[in-house]
1. Would segment 220-235 turn up any residue that is in a strand (DSSP E or B), touching a Gly at 6+ places or on another chain (Cβ under 7 Å), more than 30 Å from Q97 (Cβ to Cβ) and not small (G, A, S)?
2. So, in segment 131-184, how many residues would count as being open to solvent by less than 40 Å² (accessible area, probe 1.4 Å), in contact (Cβ under 8 Å) with a residue 40 or more places away in the chain and either more than 25 Å from E28 (Cβ to Cβ) or of a type in the set (D, E) (or both)?
3. Could you check segment 64-169 for strands (runs of 3 or more DSSP E) lying wholly inside it with 3 or more residues that are among the hydrophobic types (A, V, I, L, M, F, W, C) and under 24 Å from K50 (Cα atoms)?
4. Applying the selection to segment 9-37, what residues are open to solvent by less than 50 Å² (accessible area, probe 1.4 Å), without any contact (Cβ under 8 Å) to a residue 24 or more places away in the chain and farther than 19 Å from Q97 by Cα?
5. Residue check: is Y187 farther than 30 Å from V107 by Cα and either in contact with a helix residue (DSSP H, G or I) (Cβ under 6 Å, 6 or more places away or on another chain) or of a type in the set (F, W, Y) (or both)?
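The values are calculated or read from the model by the stated rules, or taken from the named source; none is laboratory data. This is a predicted model, so every value here is computed, not measured. Don't worry about glycine lacking a Cβ; one is built from the backbone with ideal geometry, like all the others, and counts go over all protein chains shown. Only protein heavy atoms, including side chains, enter the accessible area calculation; ligands, DNA and RNA are left aside. Shrake-Rupley method; radii C 1.70, N 1.55, O 1.52, S 1.80 Å.
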Amino acid sequence: SQKFAAGKQTAPPVTLSVRAVAGVADREVTVADVATIEGGDANLRDRIAKLDVADAPRFGQVLRVSQELIAYRIQVAGIDMRRCRVLGARSTSVTLQTYEVPEQEIVAAARQHLLARLPWDPEDILIQLSQPIRGPVLVQGSSEATRFEVIVRSSRTPLGKVRVDVTVLSKEKKLAEVPVFLDVHLYQRIAVSSRRIERGQPLTDDSVYFERRAVDALTNCLASSESPVGQRAKRLI
């Protein structure tokens with residue numbers, strides 16, 4: 001019989017394939033941002049991926065991250081370079097990842113907030129953009145990471161001309177605040193005079209009819225549930 005001595009197995013090295021270009025959204029550039037990390041020990045891959053190599057560039061700037069810098073950062077972290085290999089592009093051109101927030105998404109967020117705040121049926125409300133949004137709205141990050149918070153700059157019921165401030169956030173960080181100016185109209189069946197009605201003159205079915213119209217203040221009109229027939233006009237109509 002023959003005896004075989006099993007030697008200690010050594011995990012294959014972690015392979016880093018450096019990309020030629022990369023975009024980052026955070027304040028720091030990590031190894032995972034500039035290289036594809038494969039093979040080897042899973043814990044070692046995770047440790048290398050999280051190593052920071054530089055501060056993120058500013059808008060419009062390009063940062064160069066070389067293979068040598070990546071290797072140096074790994075060594076500084078106390079990792080034996082024999083456990084990993086750095087391949088691929090000699091250096092990575094890193095730019096700040098930006099996202100142009102579509103105007104329709106900003107307006108939709110403002111509109112949904114208003115509809116939730118107003119007490120009427122959404123089918124009775126028409127919300128239109130009164131002036132274009134000043135843009136483009138460029139923010140740091142990606143579309144998947146952004147969300148909106150909406151504030152209405154009015155304590156009254158938002159009808160007529162309304163300003164809404166939409167804040168764009170990513171990971172709870174404020175990226176931009178966009179003022180949105182809207183025309184908000186409520187449509188109701190309201191009483192309309194069919195002819196001139198003098199002060200003190202009684203209102204009749206012939207002098208008043210109901211029609212669906214846009215109203216900006218319900219205190220200035222009579223809705224269909226409030227029939228004015230039989231009352232007398234308090235002023236000239």
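1. Residues of segment 220-235 in a strand (DSSP E or B): 223, 232.
Okay, now just the ones that are also touching a Gly at 6+ places or on another chain (Cβ under 7 Å), so 232.
Among the residues that remain, those that are also more than 30 Å from Q97 (Cβ to Cβ) are: 232.
Next, from what is left, pick out any that are not small (G, A, S): 232.
Within segment 220-235, one or more residues are in a strand (DSSP E or B), touching a Gly at 6+ places or on another chain (Cβ under 7 Å), more than 30 Å from Q97 (Cβ to Cβ) and not small (G, A, S).
2. Matching residues across segment 131-184 total 13.
3. Working: elements: 84-88, 91-96, 98-101, 125-129, 137-140, 146-152.
Strands (runs of 3 or more DSSP E) meeting the threshold: 84-88.
4. The one that is open to solvent by less than 50 Å² (accessible area, probe 1.4 Å), without any contact (Cβ under 8 Å) to a residue 24 or more places away in the chain and farther than 19 Å from Q97 by Cα: I37.
5. In short, no.
So that you can scan it fast, the table gives a plain yes or no per residue for (1) surrounded by 12 or more Cβ atoms within 10 Å (Cβ to Cβ); (2) among the hydroxyl-bearing types (S, T, Y):
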site: G39; (1), (2): yes, no
site: R47; (1), (2): yes, no
site: R73; (1), (2): yes, no
site: T98; (1), (2): yes, yes
site: V101; (1), (2): yes, no
site: A108; (1), (2): yes, no
site: P119; (1), (2): no, no
site: I127; (1), (2): yes, no
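Here's the yes/no breakdown for (1) of a type outside the set (S, T, N, Q); (2) at pLDDT 90 or above; (3) in contact with a Cys (Cβ under 7 Å, 6 or more places away or on another chain):
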site	(1), (2), (3)
G141	yes, no, no
P158	yes, no, no
V184	yes, yes, no
T204	no, no, no
V229	yes, no, no
